[in-house]
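J.: Next up is a structure, given as structure tokens.
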Amino acid sequence: MTRFNAKSAARVGRRGPTSPITTTGVTGTTHEGAPGHGRDVKSELFLLGVSAMVAEDAFYEKARERAERFRRLVVEAAAQDPEWTVAFLTWLRGEGNVRSAPLVAAAELVRARPSGMRTRAVVDAVLQRADEPAEILAYWLTTYGKPIPIALKRGVADAVVRLYTERSLAKYDPVDRAVRMGDVVDLVTPAHHHPEVRGTWRSSLYRHALDRRHERGGPVPEDLPLLRARAELLALPVAERRAVLLSADGPARLQAAGITWEALAGWLQGPMDARAWEAVIPGMGVMALARNLRNFDEAGVGDEAAEAVARRFTDPVTIARSRMFPFRWFQAYAAAPSAGWGHALETALGLATQNVPRFPGRTLVLVDTSSSMETRLSGRSQMTHAQAAALFGVVLTLRGADVDLHGFADGTFPHRVAPGGAVLAEVAAFVRRIGEVGHGTRIAEAVSGTYRGHDRVVILSDMQTFHGRRSVTEAAPARIPMYAFNLAGHRHGAIPTGSGTRHELGGLTDAAFRMIPLLESARSATWPWLPTTHAP
């Protein structure tokens, strides 16, 4: 990571480096009544998109209101800057690893048809997993009904050629979906016939998807060996299936037939005991492994299988490819009943946060523990915003030369992190203190009450503060950089940002934290998908 003199931060003036999230003045209030700084369209869209809760209730904002605000911002951004909007959505689904928001945005852009934008290409770019063509069509049909625009059909058709395989049909075509893969083929393939489809195994795959959807029966085509092997296993009498699982080549047969861990229990029609888990562990993804540690322990998987899981968690290439957010590893740690997974999970978290910078000088880190931070990151997540903020607060503390970590709500509490301590255990200790100092949000008071000549202030919060006797930006000296990590993407924030020493950042990934050294070394930070530039 780039090294720099600790005092350089103090020399950054109002005409110094800039950050991309920019406010346009006091245009309203926060949800708790403090003066609220509105942002330009791109900044508001970025923060809302990376919060990953576009179609779900937030503490202060209902899902319908949030979704409508997102739709409006996407269309406005596309009208202002089509190229930026496409780059943002591509990054958001790729490196940003957010699923729902880019799909919604692509569909809304098809509907708006902004000038200068090839919406077909946008749809193709944001569809990155084989279940997503069905999801974007389901969104359109439930929101707008038929007809489906040609640009949406063709973009989905382009993605289908990339994403639909025998294995994806086996994994992502459950019978309980409103729109299945056969429906996708029905809806989009007439609109665009790819030359690489006609007369190939893909053509057979599409026909088979349609047969499955309409329950036509019949044999699996000869040129689909994985699905034929799967059909053979599914046709076995239930009484014979466990013997296949326990045979020497059983695990290999399951993998060759695309029998995933999710499907194995149904296939066996019996319990997932140790042998069942051991058979599917080699083919499981990293996130699935992390989510099932409790099941592994309860089933009593053998040492060899457990060691194989641990090796996956400690492999840098595997962790990088998984694109798992760091807080997923804390979730796995919190759910695992056995301390035996601790070292592997700690290593995985270290790999997932290795690019979080090590700050020179003295740093004040404030983690919001108010009631609004107790909302979950998403409907599928058990992790709250406060827990995710605590994780990065602890990581920053352990990485820094001299960091003071405090939790805050109506009051503040100092939290000492032992040098060289284990991140996961230290986060768990911090999380146990949530609620200790009330449930309100008083950011200005928290900053002024804990600031003691630090070289920078880092705030992890939804930035929805009460109106105090002074503003948040005045709570520390003007020459001291203040970085607010906005975790919820609400319309108004508590500080003016974009230049000088006050900056708002979004998304709890190391990409966001890497902006801080850039700003303090007199370089302008920009959107994560663009190269950094030197300040004039």
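None of the figures in this text is laboratory data; all of them are computed from the coordinates on show. Since we're looking at a predicted model, the values are computed, not measured. Using ideal geometry, Cβ is built from the backbone for each residue, glycine included, and neighbour counts are taken over all protein chains shown.
J.: Can you say what percent of the DSSP beta bridges in the chain, counting only those with both residues inside, are antiparallel? Round to 5. Write out the running numbers ahead of the final one.
T.: Working: 14 of 36 bridges.
Of the beta bridges lying entirely in the chain, close to 40 percent run antiparallel.
J.: Below 8 Å, C-alpha to C-alpha, sequence gap of six or more: please give me the relative contact order for the chain in percent.
T.: In percent, rounded to a whole number, it is 21.
J.: May I pose another question? Report the extension gain between residue 334 and residue 175 in nm, rounded to one decimal, defined as 0.36 nm multiplied by the number of residues separating them, less their alpha carbon distance. Display every interim value, and only then the final one.
T.: On the way: separation 159, 0.36 × 159 = 57.24 nm, distance 3.27 nm.
Here the segment from residue 334 to residue 175 would lengthen by 54.0 nm.
J.: For the chain, give the magnitude of the charge dipole about the Cα centre (Cβ charges: +1 Lys/Arg, -1 Asp/Glu; no others), in debye to the nearest 20.
T.: 1280 debye
J.: Turning to a different aspect of this structure: Please arrange 385, 492, 214 by counting, for each residue, the other beta carbons lying within 10 Å of its beta carbon, fewest first.
T.: 214, 492, 385
J.: Could I ask something else about it? Specify whether the C-alpha gyration tensor of the chain places it in the rounded, prolate or oblate class, a ≥ b ≥ c being the square roots of the eigenvalues: rounded for a/c under 1.5, otherwise prolate if a/b is larger than b/c and oblate if not.
T.: Taking the square roots of the gyration eigenvalues as a ≥ b ≥ c, the chain is oblate.
J.: Rounded, prolate or oblate: pick one for the range 442-507, where a ≥ b ≥ c are the square roots of the eigenvalues of its C-alpha gyration tensor, a/c under 1.5 means rounded, and failing that, prolate if a/b is larger than b/c, else oblate.
T.: oblate
J.: In the chain, if the dipole is taken from +1 on Lys/Arg beta carbons and -1 on Asp/Glu beta carbons about the Cα centre, which of 457, 19, 351 is farthest to the positive end?
T.: 19
J.: Per the helix-only calculation at 222 nm, which mean residue ellipticity applies to the chain, given -39500 (n - 2.57) for every DSSP H run of n ≥ 4 and division by its residues, nearest 500 deg cm²/dmol? Intermediate results must be reported in sequence, preceding the final value.
T.: On the way: 26 runs with 250 residues, N = 536.
Here the helix-only value at 222 nm equals -13500 deg cm²/dmol.
J.: Hey, what's the per residue convex hull volume over the C-alpha atoms of the range 287-386, in cubic angstrom?
T.: For the range 287-386, the hull spanned by Cα atoms encloses 124 Å³ per residue.
J.: A further question follows. Which order, highest average first, do 99-107, 494-502 follow once you tally other Cβ atoms within 10 Å for each residue and take the mean per peptide?
T.: The packing order, highest mean first, is 99-107, 494-502.
J.: Hand me the tally of lysine pairs in the chain: alpha carbons under 29 angstrom apart, and the pair either on different chains or 8 or more positions apart.
T.: Pairs that pass both the separation and distance tests number 5.
J.: Please work out, to two decimal places, the log10 of the ratio I(q)/I(0) at q = 0.16 Å⁻¹ from a Debye calculation in which every Cα of the range 300-455 carries one identical scatterer.
T.: -0.92
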